[in-house]
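**Q** Can you keep this structure in mind? I'll have questions shortly.
Bear in mind these aren't lab numbers, they're just calculated from the coordinates by the rules spelled out. Not measured: the values here are computed from a predicted model. Virtual Cβ from ideal backbone geometry, glycine too; neighbours counted across all protein chains shown.
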Amino acid sequence: MKLPYHGAIDCDLHPAVPSTKALVPYLDDFWQDHLANRHIDRFGLTLSSNAPGLPISAREDWRPAQGLPGSDFELLRKQALDGFGLRYAICNVLHGAVALFNVDMAAALCTAVNRYVAKEWLDRDPRLRGSILVPPQNVDLAVAEIERCAGDKRFVQVMFLVMGDAPLGQRRYWPIFQAAEKHGLPIGVHAGSSFRQAPTGSGWPSYHLEDYLLQAPAFEDLIVSFLTEGVFQKFPGLKLVLAESGFTFLPTLLWRNNKVWRGARTEVPWIDRPPADIIRDHVRFTLQPVDAPDGKMLNRIFEHVGSDKLVLFSTDYPHPHFEGDDALPDGLSDDMIRRILIDNPLETYPRLRDAAGAANAQMNKEAVP
Amino acid sequence: MSRYVVAKAGEVAPGTSKLVTVKGREIGIFNVQGAYYALANTCPHEGGSLCEGRITGLVQSDGPGQYKLLRKGEFLRCPFHGWEFEVATGQSYCDPTSMRIRQFNVEVAPGEDVVKGPYVAESFPVSVEEEYLVVEV
């Protein structure tokens, strides 16, 4: 169905960096020179898990006349921000910097992407918000990038791909979570892989279709990693937002986690309450794509999950998951729609909450004669 | 409800248990640091024989990577799925309000009393010189 009112918060929207050349002005002198010397400025540096030429990378009516899907600001403003009447939209830029082996180059390009997003996107529309792209290959450099960006309150989360070097909950990554928690930034994890590891536990699959479908189990791996490593005990203020993950796998995941914890918890005794409760408190999921055939089944899934706070509205623009303006699945209650569109995003992102609070205060002030 | 003599007190040493059958029902008699407890030998989860489980302590943590073993000898792990139960109460650690082992009263009685009754000794030979464990079923 269409959104019933304006003011929804889109938690997964994909502007694209049009080319590596577009990033060059945002690199320092050394990296500008170095990329030109090696002709790296002519590479796309796109991710093969988000290859722009693939049909699933963009809806046909959302594909610009030229350039990469999501690279045309005016089109995105008209189709997504105005088209869905959004209050805020979080820009998740998928970029190949996170897969480079040269960690310094990766960090320089992540910085350039974040500067580019701030200047070319966030500055152009007050509804846009950013995710901080960090180099997951090196924790110190990732923390430095968070610290560099955190002062700009328009950046509302830190961004990772779901498949990287190692399970993301491991202690080696904790300085990143510490910095994120300190600045009120959830950890956003998007579908995609740096292909450091095979996307299956038994090696490399043959087809792109497998890469695409195997994102869902990778998100389950991620949740289990955060849970068992005790990330949420160590950082009780931290939220984990899974983007483009789907969420219909949750009932069995929650149930199995509780079941196995009962007999195996002594190995990880910091999990001091049923895991499903911890997941419900800390993990959130963007709406699109919805992997349920109809509203009746979707509502049964929410009933099994036992919470109406877990799902955050997303269009996943320009990726194709629904037709026309029907960004919401059918059959949801009015209360659930309100939670998904507005309440859940505001409860998840402290910086959106602050911005919305300040905007409301300003409006009330102006209303007083 | 009747009282059954099930063992000599000295037969169940601290930190051990003894499986007895009373009226066809299997009951585990546990000695935790000199205190006796009687629990049904059936895990409330899937019916595992609790007397075959390990007697252990309670694992607690102050945070990731921090491990403490407390209250050694006061907990029992079911041999089927490893669920933990507090011997003194029969309560499960994972779901203490709704998942617990059936408990029975057990006490130590001097042989002099046991010989007099009203205890049911079944085929258990008793003598006035010893102390016995008596379970109420």
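**Q** From zero up to wherever the largest Cα-Cα distance of segment B:3-136 sits, split into 10 Å bins and tell me the percent of pairs in each.
**A** All Cα pairs considered, the percentages come to 13, 40, 29, 13, 4, 1.
**Q** For segment A:315-358 and segment A:21-70, compute the distance between their C-alpha centroids and round to whole Å.
**A** Result: 29 Å between the Cα centres.
**Q** In a GNM of chain B with a 10 Å cut-off on Cα contacts, which of B:61, B:49, B:17 has the highest mean-square fluctuation?
**A** The residue that fluctuates most here is B:61.
**Q** Here's a follow-up. Of the peptides A:240-246, B:90-96, A:176-182, how do they stack up when ordered by the mean number of other Cβ atoms within 10 Å, highest first?
**A** Ranked by mean Cβ neighbours within 10 Å, highest first: A:240-246, A:176-182, B:90-96.
**Q** Can you give the three extents of the C-alpha atoms in segment A:8-367 along their principal axes, from longest to shortest, in whole Å?
**A** Here the spans come out as 58, 52, 45 Å, largest first.
**Q** Only four residue types carry charge here, +1 at the Cβ of Lys and Arg and -1 at the Cβ of Asp and Glu. Report the dipole size of segment B:3-136 about the Cα centre in Debye, rounded to the nearest 20.
**A** Using only the charged Cβ atoms, the result is roughly 300 debye.
**Q** With each label point set 7 Å from Cα along the Cα-Cβ vector, what nm distance links residue A:36 and residue A:221?
**A** Between residue A:36 and residue A:221, the simple spin-label model gives 4.1 nm.
**Q** Continuing with this model, one more query. Can you pull out the trypsin sites (Lys or Arg not before Pro) in segment B:1-70 whose DSSP state is coil and whose Cβ has at most 15 other Cβ atoms within 10 Å?
**A** Within segment B:1-70, the qualifying trypsin sites (Lys or Arg not before Pro) (loop, at most 15 other Cβ atoms within 10 Å) are B:23.
**Q** Is there a simple number for the mean count of other chain Cβ atoms within 10 Å of the Cβ of residues in B:62-71, and what is it?
**A** Neighbouring Cβ atoms belonging to other protein chains average 4 per residue here.
**Q** If you don't mind, another one. DSSP loop (so not H, G, I, E, B), at most 13 other Cβ within 10 Å: list which GluC sites (Glu not before Pro) in segment A:254-351 pass both filters.
**A** A:323
**Q** May I pose another question? Just checking the output field for A:267-275: average partner chain Cβ neighbours within 10 Å of each residue's Cβ?
**A** If you average over the peptide's residues, the count of other-chain Cβ atoms is 4.
**Q** Which whole-Hz ³J(HN,Hα) couplings does segment A:250-260 yield from phi under the Karplus relation 6.51 cos²θ - 1.76 cosθ + 1.60, θ = phi - 60°, glycine and proline marked x?
**A** Residue by residue, segment A:250-260 yields 4, x, 6, 5, 5, 5, 5, 4, 4, 5, 6 Hz.
**Q** Need one number: % antiparallel among DSSP beta bridges in chain B, to the nearest 5. Could you put the intermediate results ahead of the total?
**A** Values: 36 of 37 bridges.
Just about 95 percent of them are antiparallel.
**Q** If you take every residue apart from residue A:283 with its C-beta less than 12 Å away from the C-beta of residue A:283, what net charge results, scoring Lys and Arg +1 and Asp and Glu -1?
**A** Local net charge: +1.
**Q** Starting from the 7 Å offset along Cα-to-Cβ, what nm value, one decimal, do you get for the label separation of residue A:273 and residue A:123?
**A** 4.6 nm
**Q** Tell me, what ³J(HN,Hα) does each residue in segment A:29-34 have, in order and in whole Hz, if you take phi through Karplus 6.51 cos²θ - 1.76 cosθ + 1.60 with θ = phi - 60° and put x for Gly and Pro?
**A** Per residue, the Karplus-derived 3J(HN,Hα) values read 3, 4, 5, 4, 5, 5 Hz.
**Q** What is the mean number of Cβ atoms from other protein chains located within 10 Å of the Cβ atom of each residue in peptide A:228-236, rounded to a whole number?
**A** 2
**Q** So what J values fall out for segment B:125-136 if you push phi through Karplus, 6.51 cos²θ - 1.76 cosθ + 1.60 with θ = phi - 60°, rounded to Hz, Gly and Pro as x?
**A** x, 10, 9, 5, 7, 10, 9, 10, 9, 10, 10, 9
**Q** For residue A:91, what residues show an amide H to amide H distance below 5 Å, using hydrogens built from the backbone and excluding near sequence neighbours?
**A** A:129, A:130, A:131
**Q** Please list, ordered by chain and number, the residues whose modelled amide H lies under 5 Å from the amide H of residue B:26; skip anything fewer than 5 residues away on the same chain.
**A** Distant-sequence amide H within range of residue B:26: B:41.
**Q** Where is the GNM fluctuation largest for chain A (alpha-carbon springs, 10 angstrom cutoff): A:38, A:300, A:59?
**A** Maximum among the listed residues: A:38.
**Q** Return the single residue from A:13, A:250, A:341 with maximal mean-square fluctuation; model: Gaussian network over chain A, springs between Cα atoms under 10 Å.
**A** A:250
**Q** Now a separate question. Nearest-5 percent of antiparallel DSSP beta bridges in chain A? Show your work: numbers first, answer last.
**A** Values: 1 of 26 bridges.
Bridges in chain A that DSSP calls antiparallel: roughly 5 percent.
**Q** Amide H to amide H under 5 Å from residue B:130: which residues, 5+ apart in sequence or cross-chain, H placed 1.01 Å off N in plane?
**A** Distant-sequence amide H within range of residue B:130: B:111.
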